[in-house]
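All remarks here apply to the structure that follows.
The values are calculated or read from the model by the stated rules, or taken from the named source; none is laboratory data. Note that this is a predicted model, so its numbers are computed, not measured. Virtual Cβ from ideal backbone geometry, glycine too; neighbours counted across all protein chains shown. Surface accessibility is based on the protein's heavy atoms, side chains included, excluding ligands, DNA and RNA. Shrake-Rupley method; radii C 1.70, N 1.55, O 1.52, S 1.80 Å.
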Amino acid sequence: MTGLPLGRLALLFVGILVFGVVPADGAGQVGREEVASVDFLGNVAFTDAELHRAILTEATSCPLILAVTTCALGLDWGRSFFYYSPRTVEVDVLRLTELYRAHGYRGVQVDTLITRDDRRVSVGFRIDEGEPLVVGSLALEGDSVDASLGLGANLPLRRGDPLSFLLMQETLDTLTARLKNSGYGRAEVFKGFRRLAESDSADVYYTVYLGPRTRFGPISITQRRLEDGREVPGVLDDEVILGRLPFAEGQLFRERQIREAQRSLYQLDIVTRARVEEDTASALPDSLIPVRIEILEGDLHRVRAGGGLNSAECVNVEGRWASRNFYGGGRTIQVRGGVSNLLASTLQPTPLCAQAGTREYGQLNWSVGVDFNQPTFFSPATRFFAGVFGERQSLRNIFVRDAFGLDFGLSRSVGGNAFLNLRLRPQLNRLDAAEVILCATFSACEPEDINVLQGANWLSPVALSFTQDRSDRLFSPRSGFRALLDLEAASGITGSDYSYVRAVADGSLYRSLDQSTVLALRLRAGRIEAGAFEALRVLGGQPIEIVPPQKRFYGGGANSVRGFAQSTLGPRSLSVGVGQLLRRPAPGQAPACQPTEIRTLTCDGTPLLDQNPFRVRPIGGLATFEGSVELRFDFSDGVLGGAAFVDVGQVWPTDFDFGGLELTPGIGLRYNTLFGPVRLDLAYSFRDQEPLRVVTSQIRPFVQGQDSDDDRIDVAPANTHPSCPCAPELIDWVISEDLALLSSRVLFGDDPGFSLRRFQIHFSIGQAF
C-alpha cells in the first residue's frame, strides 16, 4: 500500500484552511437578514423535503463534509448564504397553496411564522391542510373500447385517492398513450369531474373518442450531411434507414414505435441527428398516418485522440480512426491504439502515479485493434461485431500479460436502454513476471510447472451479459440506476486450455436529496468456480484446478474499496530474496534462517520484519463483495464539488466469508469538466496485520566445476546439509531454479492503532461508480 506522508496530509488541510478564510460570495452582504432555518408545521400529506422543493426560500447551509471542518471552525468557505425576502416568502405561500390544491386539498390554509435573532431570521410555514376532495368513482365514457385492451387497468388515479389534478392529467395521458399504441392513432380523451353536493368526494370521468383504426402510411426520407460547412446529400441508402425501423408501411400504427425508430437511427454511428414524426402536410385519409424522417449525418471518417492521468496507470493516451459507412449499410470499421504507464518511472514518487508499477510492471503497456460493426443483423435491435486485437497489460506486482486474439459478439436492445450481449473472445495468452504469484497461488513452484503456466495458452471465454442504464446523466448521475449481470465460462468445448465459470453482478443507485446533494449507492458481488487445467496434474494423474490470474478477482483502487491501493485488497503473499534470509544482519548475529530451513521450507522470515525486505504480491481470489455509500455535493455552481464516502469489501480465496469485510471511510474533491469530474479521494484503512505465506528461491549445494564461483551465496559458517558428507563449514550454496513456498507465515501489516501509513490517495477522472 502506498502511504500518505505527513507533509502531504498537512498541505491538504492547510489548503482547506487557506481557502476557508476567503469570504464566500454572500459573506460581503451588509444590512441583510440571513435565513437561519425554514420549517413546516402541520404538514401530513407532504414531507418536509417535498415542501422544501416547492418553495424558493432557503436557509444558509453547509455541505455535510464541511460541517465538521471549515464550517465548524466558523469559516465561510463552502457555505451557501441565503437572505430573507418578504416578497419571496409571500410567493412561497402561494406556491404551497397551489401545490396542495392541485392535489385535492381545496380548503388548505398557509400562514407564516417569522422570528428574528441578531439579524438571523427563522421562517416557518404553518399549514392547515383541511380535508381533501377524494375520488368517489372513476368511469370511462364515450366510445366503447374492447375489454382486451385493458384500457382502465392500473391507472395512476384510483378511487379513494385525493383528487389530484396532476394525477388526473397523468391518467389522461396514460389512456391516450394506450389507445395510440393499440392502433387508434387519432384517439382523443377528455377529462372532467362532478363534485357531489355536500360531500368531500367527486366523480371523475374520461370521455373517449376512438376515431378510425389506423395504419402507417407512406414513409418519406430526407437526409443530408455537412461537409466543409455546407450541406450535401447523405450517403445512407433509404433501404438502410427503412431497415432500422420497427414498423413498415401498412402495419398497424403504434405510437411508441415512432420513438423506438428514432432511437434505432441514432445507433448508426454516422447519424448525428434523427427526427421521426407524423407528416402532417400529407393529405391522406384519417385511417393512414404518414411518417416523415429527417436525418443529419456526420463526417464519413472520424479521427479521435484522448488521454488521461490516474494513480494506477499514470499517463495514458489513445487514438482512433473510424470509417462510419464502410461499404455502405451504416457499417463501421475502426482502428485503435493506446498506451499507458507513460512516465511511470518519472512520476512514480508523486501521488499522481503512486500506484503505477515499477521495473517490469512499470514498463509501457499497449493495445492495438481493428473492430468491425454491422448495425443491423437480421433485426434493427441486433448488431454484430467482430475484431482482432493485441495487447500488453500488467497488474502491479501480479503479472504482465501479452495477448493476441479475436473478438466476436452479438448485442441486442431489449428496451429501456437495456442490452443483452453474447461474446466469444478466443485469445493466445502469455504471462510474464508471474513466477511468485503462480507459486503462491497454485503451488506451481518448479520450473517445469511455471513454464507451462507462463507459456502460450489459449483462453477462449464465452460471455453472456445484461446491462441497463436508467440514470439521468452520463458522468455524474443525480437519479436512476445502472445494472450489470455478467456470466462467463471457458472450457475445452470453447477451445480454451483453462476451464472456469465466472459470475459478476453490479448495481448502482442514485437519488437527488436537494439541488446540490446526491446520494449514490453501489453493490458488487462475484464468484468463480474453477475447472481443470489439463496441462498440469498432481500425483495420481488428476488435473489441477486453475483460474488464470487475469480472471481472478482483485480489490482496492480508485473504483473499488478506496482505502486500499490498486489490487491490494484480498489474498496476498510475500516474496523475498533467499540471500536476505541467509545473510547475517551484522557480525556476531545469526541470520533469519539456516540453509537447511530453506531446503525443508521451515524457514521463518519474521526476524526480517524490522528491515522489511518483503515485496507484497496480491494473488487474487475466487469470491468478492463490495459496497459503497457516497454523498456527493456541489460547492460552487456545479464546478467544484466534494464527496464523503464509506466503502466496504473483501476478496476471498475460495468462497464468501462476510466476517472478514474491510471498511474504509474517506472524503474527496471533484472538479467537474466536460469529459467528467477530475477526482481526488483520500481514504483510511483499518486492516489488521495478517499472517502471509512467503515465497523465496530454493537453494542447492554448490557443485565444483558445474557452478560459477560468482553464483555462490554469501552464507555464514555452520551450514549443514544432511546429504553432504563433508564438514558443514565447507558447504557452499547456490540458488536453484525452483521456488520455495515457506510453511511458516509472517505476521505482516501496519501496527494496530492510528497511522498515517493507513491513508490512501487516489487520483483519477470520472466518478467511482
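Structure notes:
- Backbone N within the range 231-263 under 20 Å of label point (7 Å from Tyr327 Cα along the Cβ vector): 235-241, 243-244
- The value obtained for the range 426-511, namely the Cα convex hull volume divided by the number of residues, is 140 Å³ per residue.
- Contact order for the chain, expressed relative to its length and based on alpha carbon pairs under 8 Å spaced 6+ residues apart, stands at 8 percent.
- Available extension along the chain between Arg106 and Asp128 is 6.8 nm, counting 0.36 nm per residue and deducting the alpha carbon span.
- On the basis of the beta-carbon distance and an R0 of 60 Å, Leu284 and Gln689 show a calculated FRET efficiency of 0.15.
- Computed from phi, the 3J(HN,Hα) profile of the range 196-213 under the Karplus parametrisation 6.51, -1.76, 1.60 (θ = phi - 60°) reads 6, 4, 6, 9, 9, 10, 9, 8, 9, 9, 10, 9, 10, 10, 6, x, x, 5 Hz, with x in place of Gly and Pro.
- Gap separating the Cα centres of the range 732-769 and the range 92-116, nearest whole Å: 62 Å
- Across all C-alpha atoms in the range 502-552, the radius of gyration and Dmax reach 20.6, 67 Å.
- Cβ-placed point charges (K, R +1; D, E -1), dipole of the chain about Cα centre in debye, nearest 20: 860 debye
- Other-chain or far-sequence residues with amide H under 5 Å of Asp732's (modelled H): Phe702
- A 1.4 Å probe run over the protein chains yields, for the range 227-378, 52 Å² of accessible area per residue, whole-number rounding.
- Added length on full extension, which subtracts the Cα-Cα distance from 0.36 nm per residue, Leu428 to Ser755: 113.3 nm
- Two-site FRET efficiency, Ser743 against Asn417, from Cβ-Cβ distance with R₀ of 60 Å, rounded to 0.05: 0.65
- Looking at the range 581-718, the accessible area is 47 square angstrom per residue; that uses a 1.4 Å probe and ignores ligands, DNA and RNA.
- Note on the chain: dipole from Cβ charges, positive end direction compared against Val291, Phe377, Ser743; the farthest Cα belongs to Val291.
- Centroid-to-centroid separation of the range 142-176 and the range 592-642 [C-alpha atoms, Å]: 59 Å
- Working from Cα pairs under 8 Å separated by at least six residues, relative contact order for the range 73-160 is 21 percent.
- Think of each Lys and Arg Cβ as +1 and each Asp and Glu Cβ as -1; about the Cα centre, that makes the dipole of the range 457-532 roughly 340 debye.
- For the range 383-533, the solvent-accessible area of protein heavy atoms averages 45 Å² per residue (probe radius 1.4 Å; ligands and nucleic acids excluded).
- Here the label points at Leu663 and Leu485, each 7 Å from Cα along the C-beta direction, are separated by 3.1 nm in the simple model.
- Rg ratio (alpha-carbon, reference 2.2 N^0.38 Å) - the chain: 1.24
- Each of Ser512 and Thr97 was given a label point 7 Å from its Cα along the Cα-to-Cβ line. The distance between the two points is 2.8 nm.
- Computed over the range 319-365, the ratio Rg/Rh where both radii use C-alpha atoms and Rh is Kirkwood: 1.35
- Net length gained if the chain between Ser37 and Glu90 were fully extended (0.36 nm per residue, minus Cα distance): 17.4 nm
- Note on Arg537/Thr272: beta-carbon distance plugged into 1/(1 + (r/R0)^6) with R0 of 60 Å gives a FRET efficiency of 0.55.
- The range 317-475: radius of gyration over Cα atoms, expressed as a fraction of 2.2 N^0.38 Å: 1.29
- Axial C-alpha extent at least 15 Å, average Kyte-Doolittle at least 0.0 - helices from the chain (DSSP): 6-20, 165-180
- Here's the picture: charge each Lys and Arg Cβ at +1 and each Asp and Glu Cβ at -1 in the chain, and of Gln267, Asn397, Gly337 the one pushed furthest to the positive end of that dipole is Gln267.
- Each Lys and Arg adds +1 at its Cβ and each Asp and Glu adds -1 at its Cβ; summed about the Cα centre, the range 376-518 shows a dipole of about 800 debye.
- Semi-axis lengths (Å, descending) of the ellipsoid that matches the C-alpha gyration tensor of the range 594-649: 47, 17, 8
- Computed from the Cα positions only, the extents of the range 483-630 along the three principal axes stand at 70, 49, 17 Å, in decreasing order.
- Cβ crowding within 10 Å averaged over residues, with 128-134, 437-443, 551-557 ranked highest first: 551-557, 437-443, 128-134
- Portion, in percent, of the accessible area of the chain that falls on carbon or sulfur, probe 1.4 Å: 55 percent
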